[in-house]
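K.L.:
Provided herewith is a single structure, encoded as structure tokens, for subsequent inquiry.
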Amino acid sequence: MTGNKDKILIVDDQHSVRFGLRSLLEGEGYRVLEADTGAQALALITEQAPQLILLDLRLPDTDGLTLLPRIKAIDDEAPIIMLTAHGTIETAITALKNGAENFLTKPFEPDSLLILIARTLDQTRTRRERLLLGLAQEQVAAEYFVGQSDAIKRIHATIERLAASDTTVLLQGETGTGKGMVANLIHRQSERRHKPFVALNCAGLSKELLESELFGHEKGAFTSAVASKAGLFELAHQGTIFFDEISEMELAVQARLLNVLEQKRFRRVGGVQEKEVAVRIIAATNRNLQHEVKRGRFREDLFYRLNVMPILLPGLRERREDILPLVQHFIAHFNHKLNRRIAGVTPKAEALLLGYPWPGNIRELRNIVERAMILCAQERLHASDLPFGDFNDEPSAAASEEFLSLEEVERLQIERVLTAQNGNLSRTAEILGVTRTTLYNKLRRYGLNEGG
């Protein structure tokens, strides 16, 4: 007995068959449920949620093929193995089309059935793990796009449109703007989502290593090639391949890549056999590729091949109205992860967050919020928790933030709104509930410039 805790439902109208299967499965440590009709089976699936179903083709009140879609409507994840003494090729094909994992004809070898059950359960677990991983990646990716700025709304709409096509995408933007996350989101929302998403960072790889990674190699192709190896193009077949920092790819490899994109075929390093490949290409760079082309560091023909659908991801300082919503999002995330109860951010800390230039963009913001929450000893994040200056000379900074003068509160609020509105005086005055003239006078009074 293996001590396996998986529940298996046997659906068969013959008592002797159910008895034999129960003995066999319980001997392997499985928990066993039994049903002798389709109606009983549906009730057990609803109540007990078995991990696998052994379904007979012929039942007193229905047949297995009719029951299949009804089972899938209740639990689309539970694998079904059809069992029948009347197997034909046509029946098997119909069962598989309707959602069955596999098909066995009675009588069958007990060992063969046990191997099939174990393999099916393993495959189902792997699928679920991939799904959970994908959802986790999607959640992380989505957090890069919290906010209501016009820039981020445009990115959302573009991702949605691109997911419905197979268009080659070129993502451009500074480090930390979420290019890898966008690539993953496009793949996860596309028709290729059930196929591999393979990422390659082109920076720091020699020509030989990059070629081996992309195209694979045959045994003996070079000194350290002690065995044949499939490349990323093979692994990504029918899925998506993401080239991060593609501007760093050597010119010789760019030529091979261009050839693969145009011909849809390639050879492994040291190989003679051509392999066909069908993949979607998404590339990313933090450089201006057109400038790289002019400098002779990037092939012009490859640039045009990749630049079918360019997307420029904005830096965080270009979407400042999203900074505070992102901060709140990260606080909620790290409250759960770090078991903290941070309620928010003080006005001075907000002003610092809004005024900082964010060279590392959202990645930097996420790291700074995490660090601040680890250091924070109060209910809210204070300026002294942020790494934007030396607060060692202000031992009471955290306490003083709780007791600002009215003038300080007014100045900070004006500065905060003005920054969030990118210096738009009319919009800032409207939000603050004052006239434009009053706002202008207060800006002069507090020594604030009109650009925030």
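Rule-based calculations on the coordinates, nothing more; no lab input. Given the structure is predicted, the values throughout are model-derived calculations rather than measurements. So basically every Cβ, Gly included, is an ideal-geometry build from the backbone, and we count neighbours across all protein chains shown.
K.L.:
Taking every DSSP beta bridge with both residues inside the stretch 1-117, roughly what % is antiparallel (nearest 5)?
P.N.:
Counting only bridges with both partners in the stretch 1-117, antiparallel ones make up about 5 percent.
K.L.:
Counting each pair of different Cα atoms once, what's the Kirkwood radius of the stretch 245-368 in Å, rounded to one decimal?
P.N.:
With all distinct Cα pairs of the stretch 245-368 included, I get 18.4 Å.
K.L.:
Select from T124, P50, I74 the residue farthest towards the positive end of the dipole of the stretch 7-127; place +1 on Cβ of Lys and Arg, -1 on Cβ of Asp and Glu, and compute about the Cα centre.
P.N.:
T124
K.L.:
So, with +1 on the Cβ of K and R and -1 on the Cβ of D and E, and no other charges, what is the size of the charge dipole of the chain about its Cα centre, to the nearest 20 debye?
P.N.:
That gives a dipole near 1040 debye.
K.L.:
Arrange the peptides 14-21, 177-184, 364-371 so that the one whose residues have, on average, the most other Cβ atoms within 10 Å appears first.
P.N.:
Highest mean packing first, the order is 177-184, 364-371, 14-21.
K.L.:
Now a separate question. Work out the charge dipole of the chain with +1 on the Cβ of Lys and Arg and -1 on the Cβ of Asp and Glu about the Cα centre, then indicate which of S247, F330, G344 is farthest towards its positive end.
P.N.:
It is S247, whose Cα lies furthest towards the positive end.
K.L.:
Under 26 Å between alpha carbons, and skipping anything fewer than 8 positions from K294 in its own chain: which lysines qualify?
P.N.:
In chain and number order, the partners are K179, K207.
K.L.:
Please compare each pair in K348/K442; K72/K106; K97/K195 to a cut-off of 22 Å on the Cα-Cα distance and tell me which ones are over it.
P.N.:
Beyond 22 Å between Cα atoms: K72/K106.
K.L.:
If packing is taken as the average count of other Cβ atoms within 10 Å, what order do 155-166, 205-216 fall into, highest mean first?
P.N.:
Per-residue mean Cβ counts within 10 Å order the peptides as 205-216, 155-166.
K.L.:
Can you compute the modelled spin-label distance between D111 and K72, with each label point 7 Å from Cα toward Cβ, in nm?
P.N.:
Going from the D111 label point to the K72 one covers 3.4 nm.
K.L.:
While we're looking at this one, here's another question. Tell me, in nm to one decimal, what length is gained between N339 and R444 on full extension, where the rule is 0.36 nm per residue of separation less the Cα-Cα distance?
P.N.:
Here the segment from N339 to R444 would lengthen by 33.4 nm.
K.L.:
Report the dimensions of the stretch 317-394 along its three principal axes from the alpha-carbon atoms, largest first, rounded to Å.
P.N.:
That gives 32, 31, 19 Å along the principal axes, largest extent first.
K.L.:
On to the next question. With +1 assigned to the C-beta of every Lys and Arg and -1 to the C-beta of every Asp and Glu, and no other charges, what is the dipole magnitude of the stretch 154-289 about the Cα centre in debye, to the nearest 20?
P.N.:
340 debye
K.L.:
Further question on the same structure: Would you work out which of G27, L443, A377 lies farthest towards the positive end of the dipole of the chain? Charges go on Cβ: Lys and Arg +1, Asp and Glu -1.
P.N.:
L443
K.L.:
Right, another one. Give the label of the value calculated from the structure for mean projected area of the Cα convex hull in nm², choosing from [x] 22.5; [y] 21.3; [z] 32.1.
P.N.:
Given [x] 22.5; [y] 21.3; [z] 32.1, the structure-derived one carries the label [z].
K.L.:
With only Lys, Arg, Asp and Glu charged, each at its Cβ (+1 for the first two, -1 for the last two), find how big the charge dipole of the stretch 1-49 is about the Cα centre; round to the nearest 20 debye.
P.N.:
160 debye
K.L.:
Another question about this same structure. For the stretch 7-127, what number results from the quotient of the Cα radius of gyration and 2.2 N^0.38 Å?
P.N.:
Normalised Cα radius of gyration, the stretch 7-127: 0.95.
K.L.:
Sum up the charges of everything whose Cβ sits under 9 Å from the Cβ of C202, counting Lys and Arg as +1 and Asp and Glu as -1, but leave C202 out.
P.N.:
-4
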